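Engineer: Following this message is one structure expressed as structure tokens.
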Amino acid sequence: MAEWFQEWFDADYAAIYAGRGPEEAEAAVAMALAHAPGLAQGPVLDLGCGAGRHLAVLRRSNPQAFGLDLSPELLRSAPAELRPWLLRGDMRALPLRAASLAGICMWFTPFGYFDEAQNRALLRRLGRLLRPGGVLVLDFLNAGQLRNTLVPEDEIVRAGIRVVSRRAIEGQRIVKRMELTRLDTGATRQVTESVRLYEPAELRAMAAEAGLAAVREAGDYDGRPFGPDTPRWIGFLARNAVD
């Protein structure tokens, strides 16, 4: 049986999340370059890049930046000029050499999809791929703020699709179950998103186990400092010079 992330990232996903467009990507990448100027040089991987909205911005500053994603549909929807710089693959089995990257960016919560052992193994693997001094930009949910502001159910209409979303914290995961109904045909579809909900302290500790140190933290794409009420925890995790 396929896991949720193997089935969901398709044309419906792109239509529903279309509001997260180039303006947000521009702000996020500008903030990242201000905090970690080294991302402008050398091979930098946009991991879980989707259709490449962040990668397109980053490549203006760094022509060696490239992307990888599991979804063939999202990769096919990328602009033609980006496609030579896109790879399809599973982030748990990256076809890259150790210490080959100057940076890795993981935008819009592409971490925490797997079970505990796989999440920790992924972070260790990413640490090994970075050169000494290289930076992993880990864009994640602010777990405490999410718990305090969770909306259990809502309904929206996007691109001719009615989306009823039901959210719940189940154990250590935030789970979002969606019923999608096409307004023109009435066809329905059930999809799920499920992410391990890590506290910032847990992420810092996991990063340390992977040879990474949190050198900066932001609370949103505008670069505001991380705090209890910010919507995100964006960690800039630097590879230690010596393990």
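The values are calculated or read from the model by the stated rules, or taken from the named source; none is laboratory data. Predicted, not measured: the structure shown is a model, and the values here were computed from it. Cβ atoms come from the backbone with ideal geometry, glycine included; neighbour counts cover every protein chain shown.
Engineer: Identify, by number, the condition in (1) out of contact with any Phe, Trp or Tyr (no Cβ under 6 Å at 6 or more places or on another chain); (2) modelled with pLDDT of 95 or more that A159 doesn't meet.
Structural biologist: The single condition A159 does not satisfy is (2).
Engineer: Continuing with this model, one more query. Residues to consider are I156, I161; find the one that is touching a Leu at 6+ places or on another chain (Cβ under 8 Å), among the β-branched types (V, I, T) and not assigned by TED's automatic domain parsing to the domain that holds D229.
Structural biologist: Result of the check over I156, I161: I161.
Engineer: Would you check which residues across the range 21-45 are surrounded by fewer than 16 Cβ atoms within 10 Å (Cβ to Cβ) and assigned to a loop (DSSP other than H, G, I, E, B) and list them?
Structural biologist: Scanning the range 21-45 gives G21, Q41, G42.
Engineer: While we're on this one: Tell me, yes or no, whether the range 79-98 has at least one residue that is buried (at least 18 other Cβ atoms within 10 Å of the Cβ) and in contact (Cβ under 8 Å) with a residue 60 or more places away in the chain.
Structural biologist: For the range 79-98, residues buried (at least 18 other Cβ atoms within 10 Å of the Cβ) and in contact (Cβ under 8 Å) with a residue 60 or more places away in the chain: absent.
Engineer: Report whether or not T192 is part of a strand (DSSP E or B) and touching a residue at least 60 places away in the same chain (Cβ under 8 Å).
Structural biologist: yes
Engineer: Moving on. I'm trying to understand the selection: among the residues of the range 129-150, which are under 28 Å from G38 (Cα atoms) and touching a helix residue (DSSP H, G or I) at 6+ places or on another chain (Cβ under 9 Å)?
Structural biologist: G133, G134, V135, L136, V137, L138, D139, F140, N142
Engineer: Another question, if that's okay. What is the residue count in the range 25-52 for residues that are more than 26 Å from F9 (Cβ to Cβ) and touching a residue at least 40 places away in the same chain (Cβ under 8 Å)?
Structural biologist: Number of matching residues: 6.
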